[in-house]
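See below for the structure under consideration.
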Amino acid sequence: QVQLVESGGGLVQAGDSLRLSCAASGRAFSTYAMGWFRQAPGKEREFVATITRSGANTYYGDSMKGRFTISRDNAKNTVTLQMNSLKAEDTAIYYCAATTRVRGTIYPGHYAYWGQGTQVTVSS
């Protein structure tokens, strides 16, 4: 089992950057593929990005490609999401998630462990 805690959310202006972090504790972090999802009010949870156990491979949602970067540090048990060129439509609660699959997927149901979320608000 793994526990996840997100941090780094806040209020920024359109065009700004923000860096989210997820700290993991518990079972060996490197045995989990990791993902970021987000959920805006009244909308379904949306896939943002995923990274494999080793960090060698990443995958992004279409609207995040070229703006967001996911990375991990298995020595520090952390996964980060660097978000650049933020838009008002990026406003949401951002969640870190872990799966025992070798590769993460775009489906929230494939992730067994979730953090509590961190709010990101982008003003236009």
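The values are calculated or read from the model by the stated rules, or taken from the named source; none is laboratory data. Keep in mind that this is a model prediction, so the values were computed, not measured. A quick note on method: Cβ atoms are made from the backbone with ideal geometry, for glycine too, and the neighbour counts reach across all protein chains shown. Calculation scope for accessible area: heavy atoms of the full protein, side chains included, ligands and nucleic acids excluded. Shrake-Rupley method; radii C 1.70, N 1.55, O 1.52, S 1.80 Å.
I'd like to know if the range 4-11 contains one or more residues that are farther than 16 Å from THR118 by Cα and either open to solvent by 60 Å² or more (accessible area, probe 1.4 Å) or touching a strand residue (DSSP E or B) at 6+ places or on another chain (Cβ under 9 Å) (or both).
No: the range 4-11 contains no residue that is farther than 16 Å from THR118 by Cα and either open to solvent by 60 Å² or more (accessible area, probe 1.4 Å) or touching a strand residue (DSSP E or B) at 6+ places or on another chain (Cβ under 9 Å) (or both).
Say we look at the range 106-115 and pick out the residues that are within 28 Å of ASP16 (Cβ to Cβ) and not aromatic (Phe, Trp, Tyr); which of these is surrounded by the fewest Cβ atoms within 10 Å (Cβ to Cβ)?
ILE106
Failed condition for LEU20, given (1) within 14 Å of ALA97 (Cβ to Cβ); (2) surrounded by fewer than 20 Cβ atoms within 10 Å (Cβ to Cβ), with all others met?
Here LEU20 meets the rest and fails (2).
Could you please let me know if SER30 is open to solvent by 40 Å² or more (accessible area, probe 1.4 Å), of a type in the set (Gly, Ala, Ser), over 10 Å from the mean Cα position of the chain (by Cα) and within 20 Å of ALA98 (Cα to Cα)?
Yes: the conditions hold for SER30.
Which numbered condition trips up GLN119, out of (1) of a type outside the set (Lys, Arg); (2) touching a residue at least 60 places away in the same chain (Cβ under 8 Å); (3) outside any loop (DSSP other than H, G, I, E, B); (4) surrounded by 13 or more Cβ atoms within 10 Å (Cβ to Cβ)?
(4)
Give me the residue from the range 56-105 that is at pLDDT below 95 and surrounded by 15 or more Cβ atoms within 10 Å (Cβ to Cβ) and, out of that set, farthest from VAL12 (Cα to Cα).
Within the range 56-105, the match that is farthest from VAL12 (Cα to Cα) is ARG101.
Out of contact with any Leu (no Cβ under 6 Å at 6 or more places or on another chain) and without any contact (Cβ under 8 Å) to a residue 60 or more places away in the chain: does that describe ARG45?
No: the conditions fail for ARG45.
Just to be sure I understand, how many residues within the range 82-105 are closer than 17 Å to SER21 by Cα and part of a loop (DSSP other than H, G, I, E, B)?
Summing the residues that are closer than 17 Å to SER21 by Cα and part of a loop (DSSP other than H, G, I, E, B) in the range 82-105 gives 3.
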